[in-house]
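Please treat every number below as a calculation from the coordinates, not as lab data. Note that the structure is a prediction, hence the values are computed from the model and not measured. We place every Cβ from the backbone using ideal geometry, glycine too, and count neighbours over all the protein chains shown.
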Amino acid sequence: MPSPIVGIDLGTTHSLVARFTGGRVEYLRNDLGEILTPSAVAYDEGSRKLVCGRIAKDIAATRPELAALAFKRDMGTARKYRVGPHEFTPVELSAHILDALRSDAERALGEMVTQCVVTVPAYFDDGQRAATKQAAELAGFTVERMINEPTAAALAHGLSQRDGESRYLVLDLGGGTFDVSVVELFEGLFAVKGVGGESRLGGDDFTEALRALLFARVGIVDDAARAASPSAHALATKRAELLKRKLSRWKLAEVKLPPFAGLCPETSLEVTSDEANAAYRPLLERMRGPCREALRAAGLTPEELDAIVVVGGATRLTCVQDFARDVFGREPHVDPEPDFAIAKGAAIQAALLAEDDAVRDVVLTDVASHTLGVEVVREVGGQKLHGYFSPVLHRNTVIPTSREQLFGPTEPNQKVIRLDIYEGEGRKVTENRHVGQLVVRGIPLQGDRNIAVRFTYDLDGLLEVEATVVQTGAAVSAVYERKAGEMSGADLERAQARLSRLKADPSERPRYRDLLSRANLLWRDLEPTAREALASAIDHFEAVLQHRNPTEIEQAFANLTRVCEVLDGGERY
Amino acid sequence: MRPDPPFSVLGIAPDADEKAIKRAYVALVRQHRPDKDPVMFARIHAAYEAALALQKEHDPEAMLLTSHEYSPPVGPVDSNRAPEDLGPAEAARSADGEEAAPSESFATGELEAVNFAPPMTLEELVARVGPERAALLVDEATDELLVAGSVDYLAHELLSEAAERLLTAGHDIRRPLLKTSAALAYSAPARAHALQDRVELGGGDFGWLDDRALLAHSFSGAFDKASGQELPPELSRLVALLPLVGDRWVAQLLESALSFARAETRTFTVAMDRLPGDLLGSIGRYALDDADDGYPDPEPNVSERALQDLWRDLEQRLEADPLNFSSKFLPLLVGSALLFWYWFGWLGAVVALFLVMAAAVVFVMLTDVHLYARQVRQPLLALTLKTGVAPADLAASLKLWPWASEIGRFTDEIRDDALLLLTHRLVVGAARLRRRFEEDDS
């Protein structure tokens, strides 16, 4: 039997793995028995190793300086995250998550997992996609395909009714990214007609808006609060997230803002859903543009759509559903499992690649989400003006696609041309992102001096550029270099070695440490009497852990779990 | 290279309907999947799009639908999609792999759905659809063209003779004129004035536009000067839109600018920091009345007197030796000097003085800078907010404590606070403004 290809949704806040088997999608559980693994990496001071998932997220809530969250937002940038004593790039952090997902998948399936389909936001640019691919390679995966998240969601949504004909719009509001795709489904063909999105807008922003609302109520400024007490700030973020979840169900909710030394004492606040919605409004407004963009690219009006599908965890917010209702004038279809839809789509894509019989009739076409082009010099009234953007591949072109355009030198004696490659919709290159460059040497000095530049955009949404000197017909020794921190082979190995050194030993039983960190977190929230009860349970568990007697440990584990559940009293959602 | 004849690639009759085209396409794509056979897929897809475009062309009803029936309100952060991508005739240019060369049959499709967009001149437009509809089309297309960055094209066409004829004949294109003029006012003042002169041909009162246009221009101008770099593209697009929009949009604009600011905090802060105070004030005026956010309200029209009072207060605090330096160190200084003089003579006294002074300096640096900073922080912050003068400059013009260089660090902090407060207020103010408009609506 061939080794399985798994579908991975590498999200801003959560990641998960799924596999298509026997005509349906199966979600693989992690070590803690959960499907969703928080996309968090933290440094565990006890073992001096890196941990990820739920444990890391809990560490982040108490010791934010030891953890990195939401690093997907900085994919493809050179930004470094400080995790305890180490510094990591977003690629390395993502690799760590992917590595954990891989070992979880291997445990769940009982076989080696090396091939995967990874999802990326449709609005990710070339550098961000390349970075994601690199992260997966760093984690030991072969990336069979990268697929756009809303496209995956569209696959997941439409698979069961694929024989019909419909057009729908997928709104994907995840933890950190917002994507819109318009998809046309026609007798098994899923054709993405237009995309739009924003790579820095997601559920986390809603949490932050709520946190800002809370801070404004007590009259403190976010950055001042963060400076005053990072851990209280992290706690406030966690409470704001809880509040967000409560307010999407109830009209009124109470929240306790932790004390900030010198700024404000511990305060109990009541927030109504109307107030929260007012705080969300700027974010919702930002969602309008991409929706219009995608519709316009597809050449459709809202009335022509058959359905609005909302996916992604953040779409649980009622205000997002209201937004969809408001913009498109109809009831949106909320996926019953909004967190899983993207991984499901990724698994279906994996099945397509594996030529699974259950999806033999399905075909998927996607489009390029950005315009790609080259910086050119324009001659205007005898003057040479630099910095113009000459598009080669237009966005919303169906991929894979390839297009050639001719460029020439600007000076009579020029032998070398540097092609700066940009991505974006601006007329001038300063408005666009620089994604890489290509140096063409050996241009003949006489005759037809054109360079044919061929842009190829593959199904992963990655760009390849080739240049040929037309006159000589020879492909020029030109290597397209990606700008955003692409790692060479040696760098990759070094990063791999570094990560494996810091990887936690699987025998350390994450679920014990997870319970402990959860209990410690809970302890902070409790009243004095409850604190004592919890403290004694924690102490007992810690003592038993020293003895290494499995049955005793399991008993104490069960005991502490029960205590936590009782004391938590519905605070956990 | 001409594209493949679409219907023969798809293997269908030229009069096939949309469903038949799609069905043929899907069947072919199943055989030549995009991942397995990309070259063939590209050919099939090109043929499919061309066939659909041709089919729509023959179908007058479909034609109407794809023209500009759906034109949503253009917002500041809206698409920057170039308008030339819109027409159905463009569908012929596709993933063909070669230079796009739409065949003749596609060109005829443009007759009905006329769009005012490059390279069409205004003259041609008028010739094609008549003056009345031309004026309408120009008006409709202006915002989109401006957003797409085709200001130069617009200006050129609006300054042409055709535009003059339209105006003198009483067709109203004043709105496009004004908008283009406002968008150009900073980068090309001469052309902006010429455009404004044209408006007078049509007459009318557009006084409301001035204020906002002024704000936009001074904003981008000040930003360029202050940071030595051009406005970041997102902001510059927003700023270019400022004069076009009503107060409701100003609110959204500020929100967008701020969300951008949060993403690019560093550049934005650097630039905001050096913006002149009056500009911050004028941005503030749009958003900042009675923000009850727990901070002293900014007073755009703060009286000279109030300012002086504040200034005097600050001066007094600074003059009153906040560290009590003399009472703390004078006895120690005199005592140790006397003692050392008694033991070691004059040299000893000098050494002792030196040592004690050094210790005092270190002590003060370590402990009391914060005390001092806390004392002047609030008034300095308030003054910064009211005048818009950077705290470092304020500190420089005040009589400062002797170790003034140490102040640098904390004036930076005050500046950051001031910026934070301003940003915070802008958010609150913008939200409030928006709310008010919504209440007015309902």
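Would you please classify the overall shape of region A:332-449 from the alpha carbon gyration tensor, given that a ≥ b ≥ c denote the square roots of the eigenvalues, rounded means a/c under 1.5, and beyond that prolate means a/b larger than b/c while oblate covers the rest? Verdict is prolate for region A:332-449. Measuring r between the beta carbons of B:Lys19 and B:Ala194 and using R0 = 51 Å, the FRET efficiency lands at 0.40.
Taking all Cα-Cα distances within region A:142-281, those exceeding 26 Å account for 44%.
All other residues whose Cβ lies under 14 angstrom from that of B:His156 are scored, Lys and Arg at +1 and Asp and Glu at -1, for a net of -4.
Extension gain, A:Arg107 to A:Arg454: 0.36 nm times the residue separation minus the Cα-Cα distance gives 120.5 nm. The amide H of A:Gly197, built 1.01 Å from its N in the peptide plane, has A:Val180 as neighbours under 5 Å, considering only residues 5 or more places off or on other chains. Put a dot 7 Å past the Cα of B:Ala359, heading toward its Cβ, do the same for A:Ser47, and the two dots end up 5.2 nm apart. Count Lys and Arg as plus one, Asp and Glu as minus one, and take only other residues whose Cβ is under 10 Å from that of B:Val26; the net charge is then +1. For B:Met120, nonlocal amide neighbours, meaning residues 5 or more places apart or on other chains whose placed amide H falls under 5 Å from its own, do not occur.
When Lys and Arg each count +1 and Asp and Glu each count -1, what net charge do the other residues less than 10 Å away from A:Arg531, Cβ to Cβ, add up to? Present the calculation step by step, with values, prior to reporting the outcome.
On the way: positive: A:Arg524; negative: A:Asp525, A:Glu527, A:Glu532.
Residues close to A:Arg531 contribute a combined charge of -2.
The fewest-to-most ranking of A:Thr468, A:Thr529, A:Thr401 by surrounding Cβ atoms within 10 Å reads A:Thr529, A:Thr468, A:Thr401.
Couplings for region A:403-411, taken from phi via the Karplus curve 6.51 cos²θ - 1.76 cosθ + 1.60 with θ = phi - 60°, read 8, 10, 9, 9, 10, x, x, 9, 10 Hz in order; Gly and Pro are left as x.
Quick one: if the Förster radius is 51 Å, what FRET efficiency do A:Arg24 and A:Val470 give, using the C-beta to C-beta distance and rounding to 0.05? Working shown, then result.
Details: r = 53 Å, r/R0 = 1.04.
Plugging the Cβ-Cβ distance into 1/(1 + (r/R0)^6) gives 0.45.
Note on A:Leu155, A:Leu385, B:Leu52: ascending count of other Cβ atoms within 10 Å places them as A:Leu385, B:Leu52, A:Leu155, the fewest first.
Can you give the mean number of other chain Cβ atoms that lie within 10 Å of the Cβ atoms in peptide A:297-305?
Working: counts 4, 0, 7, 3, 5, 2, 2, 2, 0.
The mean count of partner-chain Cβ atoms within 10 Å per residue comes to 3.
Which pairs break 31 Å Cα to Cα here: A:Lys193/A:Lys428; A:Lys133/A:Lys415; A:Lys72/A:Lys193? Too far apart for the 31 Å limit: A:Lys133/A:Lys415. Computed across chain A, the Kirkwood hydrodynamic radius from all distinct Cα-Cα pairs reaches 25.7 Å.
I need A:Glu411, B:Glu144 ordered by Cβ neighbour count within 10 Å, fewest first. Write down the numbers at each step before the final one.
Values: A:Glu411 8, B:Glu144 22.
Listing A:Glu411, B:Glu144 from fewest to most nearby Cβ atoms yields A:Glu411, B:Glu144.
Peptide A:124-137 has a mean of 0 when you count, residue by residue, the C-beta atoms of other protein chains within 10 Å of its C-beta. Residue by residue, region A:175-183 carries 3J(HN,Hα) couplings of x, x, 9, 10, 10, 10, 9, 9, 10 Hz when phi is fed to the Karplus relation 6.51 cos²θ - 1.76 cosθ + 1.60 (θ = phi - 60°); x denotes Gly or Pro. Under 5 Å from the amide H of A:Gln471 lie the amide H atoms of A:Asn450, each residue being 5 or more positions distant or on a separate chain, with H modelled from the backbone and absent for Pro and chain starts. Among A:513-523, A:6-16, sorting by the average number of other beta carbon atoms lying within 10 angstrom of each residue, highest first, gives A:6-16, A:513-523.
For region A:282-293, putting each phi into the Karplus relation 6.51 cos²θ - 1.76 cosθ + 1.60 with θ = phi - 60° gives couplings of x, 5, 5, 4, 5, 7, 5, x, x, 4, 4, 4 Hz, in residue order, rounded to whole numbers and with x for Gly and Pro. Spin-label model, A:Glu65 to B:Glu161: label points 7 Å out along the Cα-to-beta-carbon direction sit 7.5 nm apart. For the residues of B:33-44, the average number of beta carbons from a partner chain within 10 Å of their own beta carbon is 4.
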